[in-house]
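Heads up, the thing below is written out as C-alpha cells.
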Amino acid sequence: MLPYAGGENTHFLEACTLCSKPLGHNTDIFMYRGNNPFCSQECRQEQIEIDEAREKRWRVKKSKETSTKTMYGQEVLL
Ligand SMILES: [Zn+2]
C-alpha cells in the first residue's frame with residue numbers, strides 16, 4: 001500500500017495558482033475567476049494584475065499606432 005501515491009487526491013484546489021504553496025483544509029483560499037485558488041489576497045491580486053496587463057497589451061496591439069511611440073520604451077520591457 002502506498003498512501004501517498006493516490007493520484008486521485010491531487011486536486012486542483014490543493015496549491016496556490018501563483019506561488020504553488022500547498023492549500024490545506026484550514027487555510028484560507030481565495031478564488032479567482034471560478035477555478036483558480038490562491039493562498040492569499042496578495043497572490044490573487046498579483047494574478048489579477050498579470051491578467052490585466054496581458055489584456056491591456058492585447059488591446060494596445062489591436063488599437064496600436066496612436067500610442068505606440070510614447071509607450072514604446074515600456075512595452076519593450078517584455
Ligand atoms: Zn500564493
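Where a number appears in this text, it was derived from the coordinates with a stated rule and is not lab data. This one's a predicted model, so the numbers in the text were calculated from it and none came from an experiment. Reconstructed Cβ throughout: ideal geometry from the backbone, glycine too, with neighbour counts over all protein chains shown.
For residue 15, the residues whose amide H sits under 5 Å from its own are 23, ignoring neighbours fewer than 5 places away on the same chain, with H placed 1.01 Å from N.
Extension gain, residue 20 to residue 62: 0.36 nm times the residue separation minus the Cα-Cα distance gives 11.8 nm. Of the peptides 37-48, 16-27, the order by per-residue mean of other Cβ atoms within 10 Å, starting with the highest, comes out as 37-48, 16-27.
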